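The values are calculated or read from the model by the stated rules, or taken from the named source; none is laboratory data. Here the structure is a predicted model, which means the values were calculated and not measured. FYI the Cβ positions are ideal-geometry reconstructions off the backbone, even for glycines, and counts take in every protein chain you see. Keep in mind that these areas ignore ligands, DNA and RNA; they rest on the heavy atoms of the full protein, side chains included. Shrake-Rupley method; radii C 1.70, N 1.55, O 1.52, S 1.80 Å.
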Amino acid sequence: MTLPDRSTLSRREYARALVAVGGATALSACLDMSSGENGAENTVPSGTDDPDSLPARQYAWNEFATRDDKGNVEPPAHHVLLPLALTERATADGEPTADARETTESTLRTLERAYEWSTDGLLFTLGYTPSYFERFDEDLPEGVDLPEPAALTSREDPAFDEFDALLHLASNHPEVVLEVEEGLFGDQEEPERNGVVLESNLIEVFERVDENRRTGFVGAGLPTEHTDVSGVPDAVPKDAPFFMGFRSGFDRTQASEDRVTIDSGPFADGTTQHVSSMDIQLEVWFEQENHYQRVSKMFSPEHAAEELVGDVGEELGADSGLSDERIEATAADARQEGVVGHAQKAARGREDGDPPLLRRDFNTIDGDRPGLHFVSLQHDIEDFVRVREAMTGADLDVPSANNGILHYIFVNRRGNYLLPPRGLRALPAANPDA
Amino acid sequence: MQDFTRTTDETEIDRRTFVAQTGAATGVLALAGCLSGDDDEEDGDDPDAENGDENGSGEDYGDGRPTIEVEDPPNAVYLPTHREAMRMLDPIEAGDMMLGPMLSYPHDFWTIAGSGEDAVERESPDSGRGVHMMFTLWDQQTGTVLPVDDGVQIRVYDGDEQVGSPVSPWSMISQEMGFHFGDNVTLPEDGTYTVEVTIPPVSVRKTGDLVDRLDERVSATFEFEYDDEFRHEVIGGVQYLDEAEWGDRGALEPMDHGDHGEHGGHDGHDDHAHEDEHDDHEHGDHDSHDDGDHEHDHGDEHDHDSENGHNGHDDHAHVPYSALPRIDEYDGAILATADDESGADGVPTDHDSLPRSDDAAILAALFEDGSADAERLADDGEGDVTAGQYLLVSPRTPYNRVPLADAALSVTVERDDDTIVGPDAALAETLDSEYGIHYGLVIDDTQIEPGDSVTVTIDSPPQVARHQGYDTAFLEMPPIEFTVPEQ
């Protein structure tokens, strides 16, 4: 792999490009860059020797993140999704060996010693696919809804994540996600961080499925740093945290971590995760539609007519400004306005007014095209499917081009995962109680 | 893939025509090969600019895209500045459908998301390099052009490399092309490109020979050459109208039909020859309507056409034009306009006497319970077929009968002071194998009678992108009141 050209990119662009490339040389370049700027490279807080001090939920991220002045969680800036396939030597009679479990757990504990569990250090989850659990004689316990992924609209023909596991690494520091990946799967000397050598035999347990490695970023201003990428127009607003130019993840549009948590059975304190990867057509979105049209399609026609949003969503506080009336008016808007908003539609998937999904999605330039890795946590995969159906809006009497943002998203992959509780994160059996 | 558009000789003819026209019209347009590359030079750090230099930045369209500025166009269908030139490729199969690809230079057009002024935006392509990619989709079995937006997608490849992001092309209407799908697609450099089109199931309500069909997601692939020759062809083939005509009320004739309609030799459309008759008929009609609301004399238009030798489409594999049937093709009772309550005199008898809503011609017809049409139109293959009358409302463009799809219409039927249907009962957008796209309602729990008043409300106007000449019409559409005539 070739490294991006430092001379033509800003520091942050360069960092993002390095994460996308990955590998030892990218890590080294990234460390050079951060030590060069800061004088000292070690600015990442260190972790803990006491695993019991860490939350039982792998996805307990919110209280370890900062919040903006409106109270919205600020997600970590840099993300890597590592798809993992069990090696043959990690299994006996098809099931994972005790050694493999031990290696996996000790590797993850090494990470927890090296980095603080926070957006400033490292946050991660390890999830498992339905394909992984198929190897066991027992079924997943009742109360765990983890179907095989499926195409969810008539227009998509996605590939499916059929490998075994997915490690989601997230940090505000690009060098952290890079060096963790390198420590786990690189063939160079193990990196050292905060006095902890990232040594690991995880490679004995898992192979990285390179072609499905995914990376990305989120945060105000980050998307505009990619206007050198083909397909990312200069018109992306400067302050936009997401490619499509508006804020997302408003506190009150997000499920709480409690809401998505499996509350009983062996996987209590676990959750389900859906990961879909899609292209986003930004040139048409920004160059052929005006702000009024974009607000109509992202939020609702009323948001546009009453100027509720501002340039990038800054007029909205901790929610997306959707009253119950506006959500209920979705079908009527389709006919009366000829256009409905994405947020308005998706909110129809709420249960008793509560959003069922905890979104942890991020933008990407994987494949040198703008896209989105949509990562969401929910109690049941069925919750995701329901929201997605509401968001697809096949029931609405509105042409596709004006049906929220459907005109602009092109789903390429889908995967479903179980995120077990921390205590069962290392190669769990389908029914650990059996 | 073979290009059926023109032979070299034809290109020469077109270019001479073009030069003559340019002289007569404005002189705004320069030959593609003579353009400067100013557009790209401003953009110094655009990596594509370098490619452009290698290819010769003078070879893109630059400022050479035909001018389309019409000062103060009417709020109605109007004549644009010019006729388009395009390269038409061999139609290809996509499951039960056919797809006819057409390519031109990047176009200005108008997108619409709603109904007010803010909801309309003009797309002015800023990249000189690329194509306006269009295609018409039709059902092989019935010949029906598919005028609905269900989320068609295109992906462009240069060999194995995907070029840019996928695109969902807009559903669009243009005077010459009728209903089609299209968008501007930027291309990095000259070369041979492969386009993969995927078409989701047609989800609109379907009747007649379309019931339970077109339910599969299908795809098709075509290739095209993007090069100097192409650019010369699509720019050089442009024909300007006389500047005095720009913005006049009227419309260019359909490319596939009008070119030939009055002059014979119209040989395509074997599988629905009745449409040919419509056209001949309609063109013949025009003289008698010059004193109507047509300010533009269509008779001249056709003469003009023949003088210019606007040809080049004789020998391409034919792509159907999305014209709806003529008024006398509808077997039901055509509803009278309410201005004339006597019925007979107020019943429109030809296209030009249809009532207008923001310049859309609105045809309304009532099919009696038990008639073959009512039975067909009531049966969409979903659940029990309910017998009853069928009310059909068919908005179309005022000259070329292009269907105005993806609007929302509702209806209220009143008798004396009673509301018989509605108020504001939603009409279902429906694609019928005989009457094409329309908005309809099965009347199964009451009976509409002669003398009833039928008010058609356009809840939202057709949400289709527009080429020049359609951009100021069909936007703020007032309701139309009809009366059911005596039998």
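A few comments on the model shown:
- Top of A:E306, A:E328, A:E189 by mean-square fluctuation, Gaussian network on chain A, Cα under 10 Å: A:E306
- The angle between the Cα long axis of helix A:24-38 and the longest principal axis of the Cα atoms of chain A comes to about 70 degrees, rounded to the nearest 10.
- Ordering of B:443-449, B:115-121 by burial proxy (mean other Cβ atoms within 10 Å per residue, highest first): B:115-121, B:443-449
- GNM on chain A, alpha-carbon springs under 10 angstrom: the most fluctuating residue among A:S200, A:S154, A:S323 is A:S154.
- Solvent-accessible surface of protein heavy atoms, probed at 1.4 angstrom with all chains present, puts A:F374, B:F367 in the order A:F374, B:F367, largest first.
- Fraction of accessible area attributable to carbon and sulfur, the stretch A:245-387 (%, probe 1.4 Å): 41
- Solvent-accessible area lost in complex, 30 Å² minimum, residues of the stretch A:294-342 relative to chain alone, 1.4 Å: A:R335, A:Q336, A:E337
- Residues in chain A average 38 Å² of solvent-accessible surface per residue, probe 1.4 Å, ligands and nucleic acids excluded.
- Highest-MSF residue in chain A out of A:H342, A:H291, A:H373 [GNM, Cα springs under 10 Å]: A:H291
- Relative to the current alpha-carbon distance between B:V211 and B:T192, full extension at 0.36 nm per residue lengthens the span by 3.0 nm.
- 1.4 Å probe accessible area per residue over the stretch B:327-483, in Å²: 33
- With the simple model of a label 7 Å out from the Cα in the direction of the Cβ, A:D69 to A:T87 spans 5.2 nm.
- Protein-protein interface of the stretch A:372-415, residues with accessible area decrease of at least 40 Å², isolated chain reference, 1.4 Å probe: A:P399, A:S400, A:N402, A:H407, A:F410
- A Förster radius of 25 Å, combined with the Cβ-Cβ distance separating B:A426 from B:E476, puts the computed FRET efficiency at roughly 0.80.
- Mean ellipticity per residue at 222 nm, deg cm²/dmol - from DSSP H runs of n ≥ 4 across chain A, formula -39500 (n - 2.57): -7000 deg cm²/dmol
- Model label points for A:D52 and A:Q336, set 7 angstrom from Cα along the Cα-to-Cβ axis, are 6.0 nm apart.
- With K and R counted +1 and D and E -1, the other residues having a Cβ less than 12 Å from that of A:T119 yield a net charge of -2.
- For chain A, the longest principal axis of the alpha carbon atoms and the long axis of helix A:11-21 meet at an angle near 70°.
- A cut-off under 15 angstrom between Cβ atoms defines the neighbours of A:H78, and their net charge, with Lys, Arg +1 and Asp, Glu -1, is -4.
- Compared with the dominant Cα axis of chain A, that is its longest principal axis, helix A:381-392 is turned about 30°.
- Chain A shape via C-alpha gyration tensor axes, a/c threshold 1.5: oblate
- Probing with 1.4 Å while keeping every protein chain in the model, the per residue accessible area of the stretch B:86-239 equals 27 Å².
- Once the Cα-Cα distance is subtracted from the 0.36 nm per residue extended length, the B:D417 to B:D227 segment shows a gain of 61.7 nm.
- A:V375 sits with roughly 0 Å² accessible to a 1.4 Å probe, with DNA, RNA and ligands left out of the calculation.
- Seen from A:S296, the other residues with C-beta closer than 10 Å to its C-beta sum to a net charge of -3, counting Lys and Arg as +1 and Asp and Glu as -1.
- Theoretical gain in end-to-end length, A:E138 to A:D433 [0.36 nm per residue, Cα-Cα removed]: 105.2 nm
- When A:K345, A:K238 are compared by accessible area of protein heavy atoms, the largest-first order is A:K238, A:K345, using a 1.4 Å probe.
- Chains A and B together bury roughly 3000 Å² of accessible area, counting both sides, with a 1.4 Å probe on protein heavy atoms only.
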